[in-house]
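K.L.:
This structure is in structure tokens; I'll ask about it shortly.
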């Protein structure tokens, strides 16, 4: 159940059904481990949020397969993120790489900002 006062703001983030790593089967074990029960398309989640009495303020599709790999794989979380977070130049390189990945293969995450009617 979602409780939000009139004019309250909802910020929702959910994994995309179109995530490149999901489509190739890379996230199967991760999905079970973290409890992702359902993924949505932007259209599906927007419809559900509107049905719940919200108006959509903004919607974003974000996170390419590079960033998605870093947050969902053992090597990404235990090695890559530690290196990236310590070195700004490396961090910028991975941001640019992820931006290119989004253009090539699509996004992995949907973010919705909505206001309660």
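The values are calculated or read from the model by the stated rules, or taken from the named source; none is laboratory data. Source: prediction; values computed, not measured. Cβ: placed from backbone, ideal geometry, glycine included. Neighbour counts: every protein chain shown.
K.L.:
Only one of these conditions is not met by residue 47: (1) surrounded by 16 or more Cβ atoms within 10 Å (Cβ to Cβ); (2) within 30 Å of residue 6 (Cβ to Cβ); (3) under 19 Å from the mean Cα position of the chain (by Cα). Which number is it?
P.N.:
(1)
K.L.:
Spot the failing condition for residue 78; the list is (1) under 12 Å from the mean Cα position of the chain (by Cα); (2) exposed (fewer than 13 other Cβ atoms within 10 Å of the Cβ), and only one is missed.
P.N.:
Exception for residue 78: condition (1).
K.L.:
Exactly one condition in (1) in a helix (DSSP H, G or I); (2) surrounded by 13 or more Cβ atoms within 10 Å (Cβ to Cβ) is false for residue 110; which is it?
P.N.:
(1)
K.L.:
Would you kindly identify the helices (runs of 4 or more DSSP H) lying entirely within the range 25-85 that contain at least 3 residues that are out of contact with any strand residue (DSSP E or B) (no Cβ under 8 Å at 6 or more places or on another chain) and in contact (Cβ under 8 Å) with a residue 60 or more places away in the chain?
P.N.:
No helices (runs of 4 or more DSSP H) qualify here.
K.L.:
Cβ contacts < 8 Å: first residue at positive phi and touching a residue at least 12 places away in the same chain (Cβ under 8 Å), restricted to the range 100-112; second residue crowded, with 18+ Cβ neighbours inside 10 Å and outside any helix (DSSP H, G or I), any location; separation 6+ or different chain. Result?
P.N.:
Close Cβ pairs (under 8 Å, with a partner that is crowded, with 18+ Cβ neighbours inside 10 Å and outside any helix (DSSP H, G or I)) amount to 106/16; 106/19; 106/64.
K.L.:
Could you check, for the range 50-58, whether at least one of its residues is exposed (fewer than 12 other Cβ atoms within 10 Å of the Cβ), closer than 25 Å to residue 5 by Cβ, under 18 Å from the mean Cα position of the chain (by Cα) and at pLDDT 95 or above?
P.N.:
Looking through the range 50-58, at least one residue is exposed (fewer than 12 other Cβ atoms within 10 Å of the Cβ), closer than 25 Å to residue 5 by Cβ, under 18 Å from the mean Cα position of the chain (by Cα) and at pLDDT 95 or above.
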